[in-house]
1. Spin-label point model (7 Å from Cα, Cβ direction): what's the Lys161 to Asp251 distance in nm?
2. I want the local charge near Asp357. Using Cβ-Cβ distances under 9 Å, sum +1 for each Lys or Arg and -1 for each Asp or Glu among the other residues.
3. Please state the Cα pair-distance histogram of the stretch 146-217 with 5 angstrom bins from zero: what percent is in each bin?
4. Taking the Cα centroid of the stretch 82-161 and of the stretch 1-16, what is the distance between the two, rounded to the nearest whole Å?
5. Apply 1/(1 + (r/R0)^6) to the Cβ-Cβ distance of Ala388 and Glu200, taking R0 = 22 Å, and write down the FRET efficiency to the nearest 0.05.
6. So if we plug the beta-carbon distance of Lys23 and Gln213 into 1/(1 + (r/R0)^6) with R0 = 45 Å, what FRET efficiency do we get, rounded to 0.05?
7. Loop only per DSSP, at most 15 neighbouring Cβ atoms within 10 Å: give me the trypsin sites (Lys or Arg not before Pro) in the stretch 61-106, ordered by residue number.
8. Which of the peptides 154-161, 391-398 is most tightly packed, and how do the rest follow, going by the mean number of other Cβ atoms within 10 Å of each residue?
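Here, each number is a calculation from the coordinates, and none is a lab measurement. Note that the structure is predicted; figures quoted are calculated from it, not measured. When we count neighbours, we look across all protein chains shown, and the Cβ atoms used for this are built from the backbone with ideal geometry, even at glycine.
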Amino acid sequence: MGRTYLVEEGIGQYLTELSTKVKPYVTGLLIGQCSPQRDYVIRAVRTPPKEQQQEESVGPPKLASLDEEWITTHASQVSRMLPGGLLVLGVFMIATPELAKDGQNALRKLIFSVEKSLSKRRLWKPAEEEISDRAALQICSATKKVVCRTYDVQDPKSSAKPADWKYQSALTASWVALGCTVNVNIHIPLLATSPNHDLEKNTKNGLNRWSKQIEDSVFLINGQVKDEDTELLEGQKKFRGNTQPSTQFSDVKVLTQLCQGTGARSTATVQVCSGSINLRGAVKCRAYIHSNKPKVKEAIQALKRDIINTLSDRCEILFEDLILNEGPQKKNFGREYHVLPQRLFVPVAGSIVMLCDYKFGDEAAGEIQERFVEMLDQPVQAEDMHIAEDISTVDICPVTESPSDTQQAQLTKANLLLKLQQNMGLVVAAAVAVLASIFSFNYFSD
C-alpha cells in the first residue's frame, strides 16, 4: 500500500492555472509535512523562470533542457523560508502529452538531486524511523490526469511506488503552533592553520558543536516536561467541524545542559588560534504540527530543527552577502562586527501556518515582497510582514600583538617560570629528604 497525500484544496486550482501556461512544461516544488500515517501538502510552488528561457528559439519540445541546477537552487532557497515541521516533500511537473513518457524519469532524477542539495546544508541527521519517501507528481496539461508516485531518497536504487493524492479543504486550520526564544552566545575559535581565515568553514564547525547541545536540551512545553511518546494534544478539547483557522499555540522553553553527565568522559584540546567568532543574540523559532494525534517527540523534533536551521541559514546568508560585497579572496583580517539578518514571518491565507524570510537592516520591504513572489509565488503585503526579534550580531576578533598583549604574555611567562622554579625547589628538597633517610638507614644498620 502506497502513501497517502492529503493536499490543500487551493493547490488543485493553482496547478490547473499553471497547466494553461505550459510551454511545453513547468516544474515546481511540493511543500508540506511528513507523518507516520500520511503526508500533508500545504503549498505547491512553480520553479521561477530564468530570463534566457524567454528568449530561447522555438523547437521541438524536450525535457533534455531541464535545468537541474536551477531547480535545486530554488529548493535550497525555499527551504530557508520554511519554519520547523515543513519541508520540501517532492517535485511536480505539468507537461504536454508528448512529454509524458519521459516525465517520470525526469522527476525521479530531480527528487534525488533536490534531496542531495538540501541534505548537504543540514546540521542535523534524520532519525532512523523518519519518513524518507518523496513525491513525484505528474500532470498532463491536456487531459489534467494526475499521477502521483513516491521514491525513497535514502535508497539510490529505489523504484516508483503508487501514492494517493487527495484534496481536502482547510487542511491546516487546526494545526498546532509551537514557539520559543533561544538566547545565543556561541564562541567559535579560529584555528591558526585555517587558510585565509576560512570564516565560513569555522563557523559551520562551531555551529555543528552547538547543534549537538540543542539536540541534548530539555524542552518544556507550556511549562511541563512531557514524555516523548505521549500525544501532544492529550487532555485538550478538539472542536470537530471547525474549518476556520484556530491557533493552538504552545509556548516552549529550551533548557540547555551546561555540562556533560557524570558518566561521560571529558577531554581537553589545546589549539593555536588566530582569533574567534562570537555569535550573540536571541532568535525566534517556530514550528507547526498536524493535528492528527501528533506525538510530543514530533513537535520537539520540529522545533529543534527550526532552532538549528534558522541560525545556520542566517550565517549562510551573511557570508553570501560578504562575498558579494567584499569578494571571496579577502585577506585582511581585522576586528569586524556584522549584523545577522532578522527573521520575519508572513501568514498563509486560510491557515495558521506562517512562512518566513530574513531581512538585513538596509533592505526595503519591496525587496522582501519581490522575493516572496519569486521564490514562493505568493504576493505579500508590507503590513503582513512581522519582524519578531531584536538584532543578533557576529563579532570576528583577531588575536593582535598590541603592547598590552605582549606585556601580558611576558607576565604570564614570568609567572610560569617562577612556579616552575618553586616546584623544582620542592622536588629537590623532597629528593634530599629521601636520600637523607636512606643514608641514615644504612648508618644505623651497620
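1. About 4.2 nm separates the two model spin labels.
2. Charge balance near Asp357 sits at +4.
3. Calculated P(r), rounded to whole percents: 3, 10, 11, 10, 8, 11, 12, 14, 11, 6, 4, 1.
4. 14
5. 0.25
6. With R0 = 45 Å, the Cβ-Cβ based efficiency is 0.35.
7. Passing sites in the stretch 61-106 are Lys62.
8. For the peptides 154-161, 391-398, the packing ranking is 391-398, 154-161.
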